[in-house]
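The values are calculated or read from the model by the stated rules, or taken from the named source; none is laboratory data. Quantities reported herein were computed from a predicted structural model and do not represent experimental measurements. Glycine gets a Cβ as well: all are built from the backbone with ideal geometry, and neighbour counts include every protein chain shown.
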Amino acid sequence: MRTDKINYYLDIAETVLERGTCLRRNYGAIIVNNDQIISTGYVGAPRGRKNCIDMGVCVRENLKVPRGERYELCRSVHAEQNAIIHASRENMIGATLYLVGKDAKTGAYVENASACSMCKRMIINAGIEKVIIRNSKERYTVVEVKEWIENDESLEGTFGY
């Protein structure tokens, strides 16, 4: 039986995540436009810097920082960011970003995976139209990026100027 296109691209993103160097969670991302892979990215320290797996320590884990908080403490560049960095905006306009996350210790898929607020901003500015996130080998979530624009979480809890 032939794999459908969405799972085909999610399978590739899942293979990309195997290069990740995070001790907590590894993600793989690929950007596809017009049925062509434009770019790939995985979680890892900036070029030339030591990765967490090489150092054997995760600062956020040692400080017991909850998921989704205090990313400025993280040594890594996110998978989505790396994929965007390695592509031209011209090729990303109207594209789809496929994202898969797994727990580094258990290998289980990350539950309720989503791009962080910084990655959302980069995805919006890159011109990417859709993000497809794997929930399990069979299930995935499709997010229209325009929803992130219309439902701006950065305004929650703030007051007008």
| note | Here, helices (runs of 4 or more DSSP H) confined to region 73-161 with at least 2 residues that are among the small types (G, A, S), touching a helix residue (DSSP H, G or I) at 6+ places or on another chain (Cβ under 7 Å) and more than 19 Å from I6 (Cα to Cα) are 117-126
| said: Under 6 Å between Cβ atoms, which residue pairs at least 6 apart in sequence (or on different chains) link something in region 105-125 that is closer than 16 Å to A95 by Cα and of a type in the set (D, E, K, R) with a partner that is at pLDDT below 95 and in a helix (DSSP H, G or I)? | reply: K120/W148
| request: Within region 43-58, work out how many residues are under 20 Å from the mean Cα position of the chain (by Cα) and assigned to a helix (DSSP H, G or I). | output: 2
| message | Could you tell me how many of the residues in region 55-98 are of a type outside the set (F, W, Y) and at pLDDT 90 or above? | response | 21
| query | Would you pick out the residues in region 83-118 that are under 13 Å from V43 (Cβ atoms) and crowded, with 23+ Cβ neighbours inside 10 Å? | reply | A83, L99, V100, G101, A115
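Yes/no matrix, rows are residues, columns are (1) more than 25 Å from G127 (Cβ to Cβ); (2) not basic (K, R); (3) not in a loop (DSSP other than H, G, I, E, B):
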position: Y8; (1), (2), (3): no, yes, yes
position: A13; (1), (2), (3): no, yes, yes
position: V16; (1), (2), (3): no, yes, yes
position: L23; (1), (2), (3): yes, yes, no
position: N26; (1), (2), (3): yes, yes, yes
position: A29; (1), (2), (3): no, yes, yes
position: G41; (1), (2), (3): no, yes, yes
| query | Among the residues of region 20-35, which ones are over 15 Å from G107 (Cβ atoms) and not β-branched (V, I, T)? | reply | A29, N33, N34, D35
| request: Scan region 37-56 and give yes if some residue there is within 23 Å of E90 (Cα to Cα) and among the aromatic types (F, W, Y), otherwise no. | output: yes
| Where residues in region 59-72 are outside any loop (DSSP other than H, G, I, E, B) and not hydrophobic (A, V, I, L, M, F, W, C), which of them is surrounded by the most Cβ atoms within 10 Å (Cβ to Cβ)? | R60
